[in-house]
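First, the structure itself, so that you have it in front of you.
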Amino acid sequence: MAKKRLGLRQLKLLFVKLLISLFLISVAWVLVYRWVAPPATLHMLKRRAEAGAANKENPGIKYKFVTLEEMSDQLPLAVVASEDQKFLQHNGFDFDAISDAFERNQKGGNIRGGSTISQQVAKNVFLWHGRSYLRKAVEAYFTVLIEVLWGKQRILEVYLNIAEFGDGVFGVEAASQAYFKKPASEVGRWQASLLAAVLPNPIRYSANRPSGYILSRRVRIARAMGRLGGTVYIKEILPVKDEK
């Protein structure tokens, strides 16, 4: 019996050490990305593998990380207006949106999510895509970590760089170059709202050849940007840009 109790105590100690190690590793990982641009995400690698398996002519991923200073202010405003208007108010979770999505999904039809920008960053940067309860729990954990260790400005900056805007096109810089032949710093209100319009499904919808639905969605997003008060709405997290 003594040996059995000793064995259980050792297992418990080993389990606690494992949890502490995983916690420290996750914190270190998040802190590194606080200052270092993610070289790639699992979703990018998945898209690259799918393109290679399909023998596409150009299977590479278009991705270039740029800072908020190197983006037009219209871009962060557009994604906030489109994806998460309470981004500045919540602590990573919009429980009203989650409740609304749950009620809508209970009625059937297309599955709708209630994820905030913070949750999407946690999922796309650190995790795999899926709908299991385990993945959602880990997503919530990383959401709390980036809210605490990164802050809103960094979260929005990373989101704008790792969001998929087309097949193999990740981030606003790659999207701006691909669709508008200009850098992200020169994107205007209508172009920013067009990029935000395809975010629900960038494979189905195209910013290069927008459908009637995407064009109407762009109008709604542009109007929402105006109703929020323009870039003044997100001024507190916009970097101060040098006057040229």
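The values are calculated or read from the model by the stated rules, or taken from the named source; none is laboratory data. Just so we're clear, the structure is a prediction, and the values are computed from it rather than from any experiment. In this analysis, Cβ positions are derived from the backbone assuming ideal geometry, glycine residues included, and neighbour counts consider all displayed protein chains. Side chains included, ligands, DNA and RNA excluded: accessible areas come from the protein's heavy atoms. Shrake-Rupley method; radii C 1.70, N 1.55, O 1.52, S 1.80 Å.
Under 6 Å by Cβ, and 6 or more places apart or on different chains, what pairs join a residue from the stretch 45-67 that is in contact (Cβ under 8 Å) with a residue 40 or more places away in the chain with one that is of a type in the set (V, I, T) and part of a strand (DSSP E or B)?
K62/V169
Give me the pairs, please: first residue somewhere in the stretch 201-230 and modelled with pLDDT under 95 and among the aliphatic types (A, V, I, L, M), second residue anywhere and open to solvent by less than 40 Å² (accessible area, probe 1.4 Å) and part of a loop (DSSP other than H, G, I, E, B), beta-carbon distance under 7 Å, and either six or more positions apart or on two chains.
Short answer, once both residue conditions are applied: A207/V198.
How about the stretch 78-115: which of its residues are hydroxyl-bearing (S, T, Y) and modelled with pLDDT under 95?
Residues satisfying the conditions are S99, S115.
Right, next: So which helices (runs of 4 or more DSSP H) are wholly in the stretch 1-92 and hold at least 2 residues that are in contact with a strand residue (DSSP E or B) (Cβ under 9 Å, 6 or more places away or on another chain)?
Fully inside the stretch 1-92 and qualifying: 42-53.
Take L149 and tell me if it is of a type outside the set (D, E, K, R), farther than 19 Å from V66 by Cα and more than 14 Å from the chain's Cα centre (by Cα).
On the way: of a type outside the set (D, E, K, R): yes; farther than 19 Å from V66 by Cα: yes; more than 14 Å from the chain's Cα centre (by Cα): yes.
Considered against the rule, which asks whether it is of a type outside the set (D, E, K, R), farther than 19 Å from V66 by Cα and more than 14 Å from the chain's Cα centre (by Cα), L149 comes out as yes.
Follow-up question, since we're still on this one. Do you know which of the residues in the stretch 42-84 that are of a type in the set (S, T, N, Q) and closer than 26 Å to E186 by Cα is surrounded by the fewest Cβ atoms within 10 Å (Cβ to Cβ)?
Among those that are of a type in the set (S, T, N, Q) and closer than 26 Å to E186 by Cα, it is T67.
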